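Following: one structure in structure tokens, then a few remarks.
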Amino acid sequence: MALRNTEYRITFSSKSGRFYYYFAKDDTGWYQMTSEGNRHKATAEQVLNHILPALAQVKAGVKVSVEYVPGLSGPDSGH
């Protein structure tokens, strides 16, 4: 099975709701795309800065999960 970084959805959950991040690559590099369609350039360090506090439970009430979504390809996939 060939796994790609662009086939994962990262979900942050808290009392205020759920937030989804999709990571994809285009000609200019890596970016994150929220479920609202907002795009932001992202480095691996920036991704970790979002994920690690939730995994370490430093931010109370924030949970993170990662789901493998085969065929997920970023902006052209409708996400």
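Computed from the coordinates by the stated procedures, all read-outs in this text should not be read as laboratory data. Note that this is a predicted model, so its numbers are computed, not measured. Note that each Cβ is placed from the backbone with ideal geometry, even for glycine, and that neighbours are counted across all protein chains shown.
Altogether, the Stokes-Einstein calculation at 4 °C and 1.567 mPa s, with the Kirkwood radius of region 7-65 over Cα pairs as Rh, returns a diffusion coefficient of 108 µm²/s. The listed peptides 62-68, 14-20, ordered by packing as a protection proxy, come out as 62-68, 14-20 (highest mean of other Cβ atoms within 10 Å first). Cβ-to-Cβ counts within 10 Å put HIS40, HIS50 in ascending order as HIS40, HIS50, the fewest first.
Compute, for region 7-65, the length of the dipole vector about the Cα centre, with Cβ point charges of +1 (Lys, Arg) and -1 (Asp, Glu) only. Units Debye, rounded to 20.
Computed charge dipole of region 7-65: roughly 320 debye.
Taking amide hydrogens as placed 1.01 Å from N in the peptide plane, the amide H of ALA42 sits under 5 Å from those of TRP30, TYR31, GLN32, each at least 5 positions away in sequence or on another chain.
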